[in-house]
Amino acid sequence: MLDDRHGDAFVAFEHVQKSYDGQTLVVKDLNLAIGKGEFLTMLGPSGSGKTTCLMMLAGFETATHGEIRLAGRPINQVPPHKRGIGMVFQNYALFPHMTVGENLSFPLEVRGMAKPDREARVKRALDMVQMGRFISRRPAQLSGGQQQRIALARALVFDPELVLMDEPLGALDKQLREHMQFEIKHLHEELGITVVYVTHDQGEALTMSDRIAVFNDGRIQQLAPPAELYERPGNSFVASFIGENNSLPGVIEEFQGDKALVRLDGGGVIDATAVNIREKGQRTTVSIRPERVEFKPEMMPPGAHTIEAKVAEVVYMGDILRARLAVAGSDNFVMKMRNTIGQTRLEPGQVIRIGWHPQDARALEPTA
Amino acid sequence: MANVALDPHAAVVSTASGGPAALTSADGTPLARALARSQRRARRRAFLLVLPLLAFILITFVVPIGQMLQRSFYNAGFSANMPQVSAWFAETERGTDPDDAAWAALAADLTAAAEARTVAMVGTRINYDLSGTRSLFTSTGRALRGGIEPPYRENLLEIDQKWGDPQLWSVMREASRPVTANFYLAAVDRARDAEGNIVQVDERQRVYTMLFGRTFWLSLVITALTFVLGFPIAHLLATLPLRKSNLLMILVLLPFWTSLLVRTTSWMVLLQQQGVVNDLLVWTGIIGASGRLQMIYNQTGTIIAMTHILLPFMILPLYSVMRTINPSYVRAARSLGASSWTAFRRVYFPQTLPGLGAGALLVFILAVGYYITPALVGGSSGQLISNMIAMHMTSTLNWSLAAALAALLLAAVLVLYWVYDRMVGIDNLKLG
């Protein structure tokens, strides 16, 4: 499917590899096609190769092997200033010796634009991020959030079709970060630009992206829209990296189509959906989201297998109640319940039976 | 009022009068005094800690320099030892021919000075302005040991005809006033004629203005050279990985750890006409054996050796500034469409200006006062003003003129510093 898209993809990585020292590969055989107007997030822990990929796309690193294409044109040999890609940096990188207006005017000046045109463009870009009043300030006189907006306006002022963002919200506090997430998303929709966004914050990735590429160990582990990534993780790394997750080790006992019966190491049999496990008797790790765990029989499908659980602790978190359960030999099994009026209040020490819809429990490859 | 009364334990606000109320602490003493008292101990201790340094600076720096500067406008070498003739000079107009009273005063002063063995000191003072007069004073002093009879004029002229020289009397008149600007005039190649007008000295004696000019010009050239050579090295230092940059840093600092004399003499070995560089150039056939270059004992030698010695003073401030410049600035400029040269010129270079200013100021000020290197490798055309100051300190013993030259140098540097402050702002200076 990936290869089909490469033909008309706006940005394409083809068999891209990157090594800094000639000994190890930081990026191992990357294939990725990004459509025009798409908001794609590269998500992963630090050292997973996501930033390296962004830097290769921007032109600050060269690919050791493979080809990168922008609008069908190979750009491996094109210097950064001729790629016409807007970029927002983690530390904003606003030029400290220039005013806000000069910062925004810079990309237009180097393109040889006449002064009246420049002024009109700068004004429009600043109004777009509601920063028109700050045109003559210096970056040091602005707050972190304001600098962020200026950096965004500067990356957009010369109308690039592709904008790269390298953890642009990392330095902001939580509330401001959430606000800016929506603002960036709206700008993306309004302007119809293609955005490649790098972050290690999975919440940010889920909120903003059309598709998310989860990076680990120099490879894309899964490339999918947020909902699919969250609800149907393709392997154990994605399941544990995105959101909170319970994992139960066991052995496949029986297949019924996509469904599998798993005998847990700690005792008990559960229903699961087989993902990347294909053989009977194979070891597996079953992954279940805490909010999909049920303890009321009427919420489970008929004939669902249940296992015994003992409540170890219940934490009141406002909107939800978070119960830690002892299940199948592990006492780190988490169940989340909505804090509704009629919600059953569990007590520590109480013994319940838990179960789930089979599609919510994903039988993945065993973790080490 | 409301915000100061927030902490009831710390301060009580008296609101009786309705005017601006003075704050008092809980026991009724004014708050300002209570604060001063509470901080007095810490302040006293801090002062005691810096006291040794303060005393050291005062004794070894401020007092000697102050005394030296005082010599530049105050010299009592004549007036203190020749009181009577000084008094006559004070009473008469400039240009008055010496009368009998003047000759009598001169004879009495010379006799007294000869007895007190200060006549040589007087002679030295007059010799500053009129060379060859020191021996006049000492020989006359020897002749006067037996005393002198009137008529004084004739008898003195008999000892030496030079006593009748009107220029000598004019010079003595100038020297009779201990506070004088004459040393400053001499330092800019000016002197007073018999009528007291300020005139340029004889063309062959005009050296100081030329030397000041040469000193500032060479310092400027050396500053520019250290910038051209040091900027790429500083950039390399700031961007290389730590292990390699440490090695490079050692190479940069190596000249600091070698004796100045060793460094300068090694330049001599390299640059002299039969030296390594010339041999190499002849060997490779770039120059003929007869065309060996004169690279030392002239201005070229001074420039090469001083640029080498002062290079670290440019590199270190530049490095410390460049290290703090995040590479993402240049990346941002590149991504915004600037070529690497434009990114350097518009984004990187302006951010290095504080380091450049500090380095340039440091190198320039050091170069202006440099002494050993030009003395060793400068020849005659590479001498700087500091060599002249040293000469007046050690061989002609005209300390007053040396002090005046030094004071002018100091003033010029201070003016430069002021100009820098006005143009760049001293707050932008980053030394490390």
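The values are calculated or read from the model by the stated rules, or taken from the named source; none is laboratory data. Since the model is a prediction, treat every value here as computed from it, not as a measurement. Every residue, glycine as well, gets a Cβ built from its backbone with ideal geometry; the counts of neighbours run over all protein chains shown. These accessible areas exclude ligands, DNA and RNA; they are computed on the full protein's heavy atoms, side chains included. Shrake-Rupley method; radii C 1.70, N 1.55, O 1.52, S 1.80 Å.
Has the range B:105-121 got any residue that is polar (S, T, N, Q), more than 23 Å from B:HIS392 (Cα to Cα) and open to solvent by 30 Å² or more (accessible area, probe 1.4 Å)? Looking through the range B:105-121, none of the residues is polar (S, T, N, Q), more than 23 Å from B:HIS392 (Cα to Cα) and open to solvent by 30 Å² or more (accessible area, probe 1.4 Å).
Residues in the range A:158-195 that are within 13 Å of another protein chain (Cβ to nearest Cβ) and surrounded by 18 or more Cβ atoms within 10 Å (Cβ to Cβ): 9 in all. Return yes when B:SER339 is surrounded by fewer than 24 Cβ atoms within 10 Å (Cβ to Cβ), facing another protein chain (nearest Cβ under 10 Å) and at pLDDT 90 or above and no when it is not. For B:SER339, the condition - surrounded by fewer than 24 Cβ atoms within 10 Å (Cβ to Cβ), facing another protein chain (nearest Cβ under 10 Å) and at pLDDT 90 or above - is met. Restricting attention to the range B:142-163, the residues that are open to solvent by less than 40 Å² (accessible area, probe 1.4 Å) and assigned to a helix (DSSP H, G or I) add up to 4. Taken over the range A:224-269, the criterion of being within 30 Å of the chain's Cα centre (by Cα) and small (Gly, Ala, Ser) is satisfied by A:ALA224, A:ALA227, A:GLY234, A:SER236, A:ALA239, A:SER240, A:GLY243, A:SER247, A:GLY250, A:ALA260. The set of residues in the range A:272-299 that are buried (at least 19 other Cβ atoms within 10 Å of the Cβ) and assigned to a loop (DSSP other than H, G, I, E, B) comprises A:VAL275, A:ILE277, A:ARG289, A:VAL293, A:PHE295.
Restricting A:GLU244, A:GLU254 to those that are at pLDDT below 90 and part of a strand (DSSP E or B) reduces the list to A:GLU254. One residue stands out in the range A:232-247 among those that are surrounded by fewer than 18 Cβ atoms within 10 Å (Cβ to Cβ) and of a type in the set (Gly, Ala, Ser): the one that is farthest from A:MET128 (Cα to Cα), namely A:SER240.
Can you confirm whether B:ALA191 is part of a helix (DSSP H, G or I) and open to solvent by less than 50 Å² (accessible area, probe 1.4 Å)?
no
Residue under question is B:LEU247, and the condition is that it be in contact with a Ser or Thr (Cβ under 9 Å, 6 or more places away or on another chain) and assigned by TED's automatic domain parsing to the domain that holds B:ALA305; does it hold? So B:LEU247 fails the test.
Within the range B:343-353, the presence of a residue that is surrounded by fewer than 22 Cβ atoms within 10 Å (Cβ to Cβ) and under 19 Å from the mean Cα position of the chain (by Cα) is excluded. For the criterion of being of a type in the set (D, E, K, R), open to solvent by 20 Å² or more (accessible area, probe 1.4 Å), more than 23 Å from the chain's Cα centre (by Cα) and assigned by TED's automatic domain parsing to the domain that holds A:LEU206, A:ASP29 fails.
When the range A:248-257 is filtered for residues that are open to solvent by 10 Å² or more (accessible area, probe 1.4 Å) and touching a residue at least 60 places away in the same chain (Cβ under 8 Å), only A:PRO249 remains. Residues in the range B:223-266 that are of a type in the set (Phe, Trp, Tyr) and modelled with pLDDT of 90 or more: B:PHE227, B:PHE231. Exactly one residue out of B:ASP202, B:ASP165, B:ASP160 is of a type outside the set (S, T, N, Q), in contact with a Leu (Cβ under 7 Å, 6 or more places away or on another chain) and either without any contact (Cβ under 8 Å) to a residue 60 or more places away in the chain or outside the structural domain of B:ALA90 (by TED's automatic domain parsing) (or both), and it is B:ASP160.
Considering the range B:294-336, and only residues there that are surrounded by fewer than 18 Cβ atoms within 10 Å (Cβ to Cβ) and free of Cβ contacts under 8 Å to residues at least 24 places away in the same chain, the residue that is farthest from the other protein chains (Cβ to nearest Cβ) turns out to be B:GLN294. List, please: which pairs have Cβ atoms under 7 Å, are six or more places apart or on different chains, and start with a residue in the range B:280-293 that is not assigned by TED's automatic domain parsing to the domain that holds B:VAL269 and end with one that is assigned to a helix (DSSP H, G or I) and open to solvent by 100 Å² or more (accessible area, probe 1.4 Å)? Partner pairs satisfying both residue conditions: none exist. Evaluating B:ILE365 against the criteria (1) open to solvent by 30 Å² or more (accessible area, probe 1.4 Å); (2) within 14 Å of chain A (Cβ to nearest Cβ); (3) without any contact (Cβ under 8 Å) to a residue 60 or more places away in the chain leaves one unmet condition, (2).
Tell me the residue from A:GLY132, A:GLY37, A:GLY49, A:GLY101 that is surrounded by 20 or more Cβ atoms within 10 Å (Cβ to Cβ) and either more than 14 Å from chain B (Cβ to nearest Cβ) or more than 20 Å from B:THR342 (Cβ to Cβ) (or both), please. Checking each option against the conditions leaves just A:GLY49. Any chance the range B:280-287 includes a residue that's on the phi > 0 side of the Ramachandran plot and either more than 14 Å from chain A (Cβ to nearest Cβ) or in a helix (DSSP H, G or I) (or both)? Within the range B:280-287 (the criterion being on the phi > 0 side of the Ramachandran plot and either more than 14 Å from chain A (Cβ to nearest Cβ) or in a helix (DSSP H, G or I) (or both)), the answer is yes, since at least one residue qualifies. For the range B:210-225, a residue qualifies if it is closer than 21 Å to B:LEU316 by Cβ and within 21 Å of the chain's Cα centre (by Cα), and the qualifying residues are B:SER219, B:LEU220, B:VAL221, B:ILE222, B:THR223, B:ALA224. The single condition among (1) open to solvent by less than 50 Å² (accessible area, probe 1.4 Å); (2) at pLDDT 85 or above; (3) over 17 Å from A:GLU244 (Cβ atoms) that A:GLN359 does not meet is (1). Just one of the listed residues (A:ALA205, A:ALA155, A:ALA224) is open to solvent by less than 20 Å² (accessible area, probe 1.4 Å), without any contact (Cβ under 8 Å) to a residue 24 or more places away in the chain and assigned by TED's automatic domain parsing to the domain that holds A:GLN90, and it is A:ALA224. Out of everything in the range B:43-76 that is among the small types (Gly, Ala, Ser) and at pLDDT 90 or above, what residue ends up being least open to solvent (accessible area, probe 1.4 Å)? Selected residue: B:SER72. Is the range A:112-126 home to any residue that is touching a strand residue (DSSP E or B) at 6+ places or on another chain (Cβ under 7 Å), within 14 Å of chain B (Cβ to nearest Cβ) and buried (at least 17 other Cβ atoms within 10 Å of the Cβ)? No, that holds for no residue. Condition first: more than 14 Å from every other protein chain (Cβ to nearest Cβ) and touching a His at 6+ places or on another chain (Cβ under 7 Å). Can you find one or more residues in the range A:66-89 that meet it? Yes, the range A:66-89 contains at least one residue that is more than 14 Å from every other protein chain (Cβ to nearest Cβ) and touching a His at 6+ places or on another chain (Cβ under 7 Å). For A:LEU229, the conditions (1) free of Cβ contacts under 8 Å to residues at least 40 places away in the same chain; (2) under 28 Å from A:MET128 (Cβ atoms); (3) aliphatic (A, V, I, L, M); (4) touching a strand residue (DSSP E or B) at 6+ places or on another chain (Cβ under 6 Å) are fulfilled apart from (2).
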